[in-house]
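Taking it in order: structure first as structure tokens, then the write-up.
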Amino acid sequence: MERMVMKIAQIILSPIIAFVIGVFFLGLTRKIIARIHWRYGPPLTQPVIDIIKLFNQTSVSHGGLFNLGIILSLAGSIVLVLFLPIGNFHPLSGSGGMLVILYLMLFGPLGIALSGGEAANPNTSIGISRKLILALGYEVPLLFILLAVMIRYDTISIVEIVRTQQEGGWSLLSFPMVVPGIAYLLILPAILGKRPFELVGAVQEISSGPMVEYGGKNLALVTIQHAFSMFIGIALFVNLFLGGSSNPGFFIIKMLVVYIVEVLIHAVFPRMRIEQALRYLWRWPTLVAFAGLVLAMIMGR
Amino acid sequence: MDRNKLVKWFKEPAKMGHKYSLHAVYFCTGCGIIEVPPVITARWDAERFGVIPVATPRQANLFLITGYVSVKTLKAIIRTYEQMPEPKFSVGFGSCPVNGGMYWDSYNTIKHLDKYIPVDGWIAGCMPRPEAIFVAVTHLWTLIDKDMADGYKKYREKYNYYRANQEQLFGKLEWPPLFPVGDKHERLAERKS
Amino acid sequence: MSVELLLIVAFGGAFLTYLLGKISYKLRDVVAVLVSCALTALIAYLYGKDMEETYYVGFLGLPLLLRLNTLSWFFALTLSAVGALSIIFSLSYIRGKERTDFYYLMMLLVNAGMLGIVLSGDFVSFYIFWEIMSWSAFLLISYNRGPALAAGMKYIIMSVVGSIGMLIGILSLYTSYGTLIISELAVAIASASPGYILFLLLLFFVAFGIKNAVWPFHTWLPPAHSEAPSPFSAILSGVLVRMGMYGFLLFFYGIVGFRSFLGLGRGLLSFHYILAWIGAINIVIPTFIAMLQNDSKRLLAWHGVGQGGYMVLGAAMGTPLGLIGGTFHIVNHTSYIALLFLVVGAVEYRTNGVRDLNSLGGLIKRMPITFIGALVGACGLIGVPLTNGFVSKWLIYKTLILERYPFLAFAAFIGSWGTILSLYKFLHNMFLGQLPEKYKDLKKAPFNMQFPILILSLVIILFGVLPGIPLKVINNIGTSFGFESLQVNIWGIASETGTLNTINIFVAIAAACIIVWLISKAGKRSIRVSQADSYAAGASVPVDRYHYTVDFYNPLYRMISPFLRDYVDDFYMKLAQWTRGIGNGVRRVYTGDVGNYVIYILLFLALLIIVQVRWSVW
């Protein structure tokens, strides 16, 4: 009975933690970039103000699928958070492991792709084609990395991997796993959609891509989904390579450190073109991740 | 600036949200747009007021009409204004939207922007300095507080008047009316007043 | 209630339909639908009954048997269900075209042939029904004339080559063991030498591989699927091609037995490992070729080739999970590829034959139910959680990772991403985006087309949320081959190495959707705007030119298209041209002109006389 109550508490708390941290990270991005630019920048709660304003603004819709797609993508991201261990909160992790996580990561882009397609605007279509090509680009090294981790720890359950690291030390600091870890750091901006891979919502090139027809509450939900997807991308890295944590507090601190490194890269890089991004992602990170997988296979027996 | 007063956020979140998160549609209408890049970048940091440029009118609620308005640009301005979601605020920046400014006797510019779309505030000058944009923003906050920034409500109520003016200038318009238009006699009567 | 009754109903129904068609169209339609639905019902009734019976003795001195066991039942139910749905679909698709009686005869005959294959208990009946199926498929592929004739020719030549391989194998089996009854062969072959088993496996691999469109033998599939009429493409891609998989399972596991099968060869050079690699290549390359196609049916056809790789990969692994995953993927693939071909058929029917992805668009506004079918089918093909494709892929991935084959797992995963890209292009160019002016008044698909689409979508979602229903049957197939049983529940698989619980995922996603929907109610209601009121930087939206379809993945295309030439197809074409060259050369000798032949005879006689005179041979 008590386990049931704990589980329900975890199911409710996990998305709330993810939302708060995701929105905090959005605000932190703008503040850090502003300070790098030698200006003051908005307050840390600016994304909250934006979301409040967006919920009080009217929005347009191009059809039923337009609204449903956004709901689907945000729902997928919320469910994915329930499968990832945040500290020791992992309510649904027993239902399929890493493979389910990999496939649930599809719901976010799929929902936005469907609703954006309904908008009948070529900016949306170009943005989504770029998003899918970029996703194909980083999936190749990401799959090598995840397979290396799964082979090394001989399990598909992410909770097992975290537990092994808690007892044995961070994965990033142990020999064969440092190679996939470096590869993951090389592709992390692509997974999060930050510069130099900020191609999808490119404001200047394709008028913010899939978000071109979103206003009001649709834009608010998409912003919240963006916050969740950033949380998920960094949480996956912390769980697989930095040892997760035994309570949510330390977990969030580790996430903060990784995130600040990401923002510093985001602040100074320009945007790559999609061909350059694809060529980069399929060259060095893929080679490093492939080497990591080979090392894990050789040493993992 | 009362952004830090939490009680106000709980009492009227909509107004506070509209004040401190003004997203301007980045439509470079005329010559005045040269004053805007220093404002939104590091020189005069508008982001600390919550003002950032966005790409499309669907995401925006502030429209800065900077500089003179030629007849060709007016079509795009009207379309952009109509595509913005409500509540929306428009600011005429420079002397040309006010009364024609330097181009008071040109055949190709609009002398009174107020006849075609509603304008919430004006900034005179040829060109005003970037600090004037901040004056406009803070003045807009005061208007929003007092519920006087109701250009979008005026557009909805007196749409016949605006549409009649637009049609008088352009002839038949390609886009259908945004709100239901009354019959012809009512529109002529409005126009004379 | 015997097995022969099924075949009598199937074949008799086919000929009855043809004859009735000469009398009245409506009667023929009703009888065709009744026959196919009756077959499905009869097969469903026979669940769990294992039978084997001889129905004819004395064909070349051999008895002919029919038998029904779990594997046969599984395939029989799948093919008759899809056959019934396709015939319901064809009622309006084929109306008004020429030779419709012939069409119905051939459709029912193909179904009957396939039913005969899965129900046959000895190799002679197997071969007979295999050939019936092959040539009725050929006649249906070339139904539309024009480019369909060349496609059908390519199909039938490759199919005949495969059948000859199978015939050689059958003859060799007969000379070795003296019997062709499958259950007796399974016992007898346990004592065969590995070399002989390898020879047999290679022969049957060629035969079944050509039918299953496994990678080196896949080149007949894309043209055949594109040119066949859409309801038949659904059957062709869904079930007919998977007869090859039935053959694999029957021969590799049912007859040879999985211990001999896995024991062939050593380490990296073992037969099943090379087969797994062929499956992996079969997943990756066709899926990426599909991404670059502009014809909707060709795109789906390349996916038909690609997904076969998953089945071969699962079956070649030899673990219980792998076998169950591969077999489950067969029925899953049938459901969604049939669904997608029926969707394309519905769009073709309403737009008078338009298949080109670059000229359609925005059809969700005019054909919403067809779009729902396309979306569910696409999600199933990709393997989105809550669809049945996800469960079968999960099983295959799990076995690959646990058996430590990460490079094969990588190939399987990347195939999934290629599927996402190509299916999004398919959905976007056809259903999303701007609706062209000429399709502004398109009507919805008729009810008899919507019905199969909805049924198949329901199957996809039902098997995704409650995979225990089919998995129980497939688990029985696994145990009948000698594998250990897995713990299968209504909601998934429970094993000590990680469970899969689809009901949890379903409840979580449903709850999250409801919560997000409630959150979105906090904002104001959206204003519905028309397609012409889209962002165009202040200008008016250009009608018919505001849809981004051509070169949808242009940056990717430039990078990967040099690697995706179909070298195998070029090789076969060269082989065909070389054969034609030899034929031309021979034609110069055998001219058909009697004067030439007289001269040949005279010259030969002269040669004989010279030899006799000179060397006195006789």
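Go through region C:205-221 and give me each residue that's in a helix (DSSP H, G or I) and under 15 Å from C:Leu140 (Cα atoms).
Selection gives C:Leu221 alone.
Residue by residue through region B:31-50, note down the ones that are within 23 Å of C:Gly538 (Cα to Cα) and surrounded by fewer than 22 Cβ atoms within 10 Å (Cβ to Cβ).
B:Cys31, B:Ile33, B:Ile34, B:Val36, B:Pro37, B:Ile40
If I ask for residues that are in contact with a Lys or Arg (Cβ under 9 Å, 6 or more places away or on another chain) and aliphatic (A, V, I, L, M), which ones from region C:426-448 would you list?
Those that are in contact with a Lys or Arg (Cβ under 9 Å, 6 or more places away or on another chain) and aliphatic (A, V, I, L, M): C:Leu435, C:Leu442, C:Ala445.
Filter region A:18-48 down to the residues that are at the interface with chain B (Cβ under 9 Å from one of its Cβ atoms), part of a helix (DSSP H, G or I) and buried (at least 21 other Cβ atoms within 10 Å of the Cβ) and list them by number.
A:Gln46
Kindly evaluate C:Ala494 against the criterion of being buried (at least 18 other Cβ atoms within 10 Å of the Cβ), more than 7 Å from every other protein chain (Cβ to nearest Cβ), free of Cβ contacts under 8 Å to residues at least 12 places away in the same chain and not basic (Lys, Arg).
Here the answer is no, as C:Ala494 does not meet what is asked.
So, of the residues in region A:193-219 that are within 13 Å of chain C (Cβ to nearest Cβ) and among the small types (Gly, Ala, Ser), which turns out to be nearest to A:Pro122 (Cα to Cα)?
Per the stated criteria, the residue is A:Gly209.
Would you pick out the residues in region C:31-46 that are within 18 Å of C:Ile455 (Cα to Cα) and either crowded, with 17+ Cβ neighbours inside 10 Å or among the small types (Gly, Ala, Ser) (or both)?
C:Val33, C:Ser36, C:Cys37, C:Ala38, C:Leu39, C:Thr40, C:Ala41, C:Ala44
Go through region A:255-283 and report how many residues are over 28 Å from A:Ile206 (Cα atoms) and surrounded by fewer than 21 Cβ atoms within 10 Å (Cβ to Cβ).
So the answer is 3.
From the set of residues in region A:201-218 that are among the polar types (S, T, N, Q) and assigned to a helix (DSSP H, G or I), which is farthest from B:Glu86 (Cα to Cα)?
Looking at residues that are among the polar types (S, T, N, Q) and assigned to a helix (DSSP H, G or I), I get A:Gln204.
Surrounded by fewer than 19 Cβ atoms within 10 Å (Cβ to Cβ) and farther than 28 Å from C:Thr370 by Cβ, is that true of C:Ala537?
For C:Ala537, the condition - surrounded by fewer than 19 Cβ atoms within 10 Å (Cβ to Cβ) and farther than 28 Å from C:Thr370 by Cβ - is met.
From the residues in region B:2-31 that are touching a residue at least 60 places away in the same chain (Cβ under 8 Å) and either more than 19 Å from B:His139 (Cα to Cα) or among the aliphatic types (A, V, I, L, M) (or both), which one is farthest from the other protein chains (Cβ to nearest Cβ)?
B:Cys31
From the list A:Ala235, A:Ala291, A:Ala267, pick out the single residue that is within 14 Å of chain C (Cβ to nearest Cβ) and in a helix (DSSP H, G or I).
Sole residue among the options that is within 14 Å of chain C (Cβ to nearest Cβ) and in a helix (DSSP H, G or I): A:Ala291.
Looking at C:Asp551, C:Asp569, C:Asp544, C:Asp593, which is the one that is more than 8 Å from every other protein chain (Cβ to nearest Cβ), farther than 23 Å from B:Gln59 by Cβ, loosely packed, with under 10 Cβ neighbours inside 10 Å and of a type outside the set (Phe, Trp, Tyr)?
Exactly one residue qualifies, and that residue is C:Asp593.
So that you can scan it fast, the table gives a plain yes or no per residue for (1) part of a helix (DSSP H, G or I); (2) at pLDDT below 90; (3) under 17 Å from C:Phe11 (Cβ atoms):
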position	(1), (2), (3)
C:Asn111	yes, no, yes
C:Leu115	yes, no, yes
C:Tyr127	yes, no, yes
C:Leu139	yes, no, yes
C:Ser142	yes, yes, no
C:Val160	yes, no, no
C:Ile164	yes, no, no
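Taking the stated definitions as given, is C:Leu149 in contact with a helix residue (DSSP H, G or I) (Cβ under 6 Å, 6 or more places away or on another chain), in contact (Cβ under 8 Å) with a residue 40 or more places away in the chain, more than 20 Å from C:Phe204 (Cβ to Cβ) and of a type outside the set (S, T, N, Q)?
no
Hey, could you check region B:108-159 for residues that are in a helix (DSSP H, G or I) and β-branched (Val, Ile, Thr) and say which is farthest from B:Asp2 (Cα to Cα)?
The selected residue is B:Ile133.
For A:Ala183, indicate whether it is away from chain C (no Cβ under 11 Å), farther than 17 Å from C:Thr419 by Cβ and buried (at least 24 other Cβ atoms within 10 Å of the Cβ).
Taking the combined requirement at face value, the residue satisfies it.
Among the residues of region B:60-81, is there at least one that is over 21 Å from A:Val48 (Cα atoms), charged (D, E, K, R) and away from chain C (no Cβ under 11 Å)?
No, region B:60-81 contains no residue that is over 21 Å from A:Val48 (Cα atoms), charged (D, E, K, R) and away from chain C (no Cβ under 11 Å).
What are the pairs with Cβ atoms under 6 angstrom where one residue, in region A:55-71, is within 21 Å of B:Asn61 (Cα to Cα) and facing chain C (nearest Cβ under 7 Å) and the other, located anywhere, is of a type in the set (Lys, Arg) and part of a loop (DSSP other than H, G, I, E, B)? Sequence gap at least six, or different chains.
So the pair list comes out as A:Thr58/C:Lys524.
Scan region C:422-457 residue by residue and report those that are within 14 Å of chain A (Cβ to nearest Cβ) and farther than 23 Å from A:Leu114 by Cβ.
C:Glu437
Pairs please, first residue from region A:213-228 and under 17 Å from A:Ser61 (Cβ atoms), second anywhere and among the charged types (D, E, K, R), Cβ atoms under 6 Å, 6+ apart in sequence or on different chains.
A:Glu213/B:Arg58; A:Gly215/B:Arg58
For the structure I just gave you, tell me whether A:Ile51 is buried (at least 19 other Cβ atoms within 10 Å of the Cβ) and farther than 18 Å from C:Val516 by Cα.
no
Across region B:40-56, which residue is nearest to A:Ile206 (Cα to Cα) among those that are within 7 Å of another protein chain (Cβ to nearest Cβ) and part of a helix (DSSP H, G or I)?
Taking the candidates together, the pick is B:Glu47.
Looking at region C:218-239 only, could you name the residues that are crowded, with 24+ Cβ neighbours inside 10 Å and out of contact with any Ser or Thr (no Cβ under 9 Å at 6 or more places or on another chain)?
Within region C:218-239, C:His218, C:Pro222, C:Leu236 meet the criteria.
Residue-by-condition table, conditions (1) buried (at least 24 other Cβ atoms within 10 Å of the Cβ); (2) closer than 20 Å to C:Ala412 by Cβ; (3) at pLDDT below 90:
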{"position": "C:Gly257", "(1), (2), (3)": "no, no, yes"}
{"position": "C:Arg266", "(1), (2), (3)": "no, no, yes"}
{"position": "C:Ile283", "(1), (2), (3)": "yes, yes, no"}
{"position": "C:Ala290", "(1), (2), (3)": "yes, yes, no"}
{"position": "C:Ala301", "(1), (2), (3)": "yes, no, no"}
{"position": "C:Leu313", "(1), (2), (3)": "yes, yes, no"}
{"position": "C:Pro320", "(1), (2), (3)": "no, yes, yes"}
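The values are calculated or read from the model by the stated rules, or taken from the named source; none is laboratory data. All values reported here derive from a predicted model rather than from experimental measurement. Note: ideal-geometry Cβ built from the backbone for every residue, glycine included; neighbour counts use all protein chains shown.
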